[in-house]
1. Sort out for me the helices (runs of 4 or more DSSP H) sitting completely within region 3-89 that have 2 or more residues that are under 14 Å from the mean Cα position of the chain (by Cα) and surrounded by 15 or more Cβ atoms within 10 Å (Cβ to Cβ).
2. Among the residues of region 98-126, what is the count of those that are within 30 Å of residue 60 (Cβ to Cβ), surrounded by fewer than 16 Cβ atoms within 10 Å (Cβ to Cβ) and touching a strand residue (DSSP E or B) at 6+ places or on another chain (Cβ under 6 Å)?
3. Mind counting the residues in region 124-155 that are outside any strand (DSSP E or B) and modelled with pLDDT of 95 or more?
4. Of the residues in region 101-123, how many are in a strand (DSSP E or B) and touching a residue at least 24 places away in the same chain (Cβ under 8 Å)?
5. What tally of residues in region 103-137 results from selecting those that are within 15 Å of the chain's Cα centre (by Cα) and over 17 Å from residue 4 (Cβ atoms)?
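The values are calculated or read from the model by the stated rules, or taken from the named source; none is laboratory data. Owing to the predicted nature of the structure, the values given are computational and were not obtained by experimental measurement. Here the Cβ positions follow ideal geometry from the backbone for every residue, glycine too, while neighbour counts run over all protein chains shown.
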């Protein structure tokens, strides 16, 4: 697929929800491993007994940045066989415009991503795609994360 073909495919989808991902459990082991990787061992994330007794959430909760870091996997952006467009030689995480964490993700909760295509811009060698990614918490009234993600697709 060429840049022009990809652009033709995407432009009619601007302003629409383009995908809803699969549910993923965020268990205490994942939270603990993230704490080890980042050095953030704040008790609301890692001390189950104290969180049950003292936290306003009633349990440990995932780090906001853990929830954010799950977005590439939740949206299918990563993996050797996951190319959004054939002919893409490189996909680059270009950054974020805005990130919010409206609700904590309790340990053991399941999350999934919903993607809304906001814009597509042609660049010198590809496309810059801006999407709003909402990380839903199963059964939750508010999402765990809402991020405006920029992805650069080079052809």
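1. Working: elements: 3-10, 28-38, 43-46, 48-54, 64-69, 71-74.
So the answer is 64-69, 71-74.
2. 2
3. Step one: list which residues in region 124-155 are outside any strand (DSSP E or B), which gives 124-125, 138-144, 155.
So of that shortlist, the ones also modelled with pLDDT of 95 or more come out as 138-144.
Number of matching residues: 7.
4. Restricting attention to region 101-123, the residues satisfying the condition of being in a strand (DSSP E or B) are 106, 109-122.
Now drop any that are not touching a residue at least 24 places away in the same chain (Cβ under 8 Å), which leaves 106, 109-120, 122.
Of the residues in region 101-123, 14 are in a strand (DSSP E or B) and touching a residue at least 24 places away in the same chain (Cβ under 8 Å).
5. Initial filter on region 103-137 (within 15 Å of the chain's Cα centre (by Cα)): 103-105, 110-117, 129-137.
Now restrict to residues that are over 17 Å from residue 4 (Cβ atoms): 103-105, 110-117, 130-137.
Going through region 103-137 one residue at a time, the tally reaches 19.
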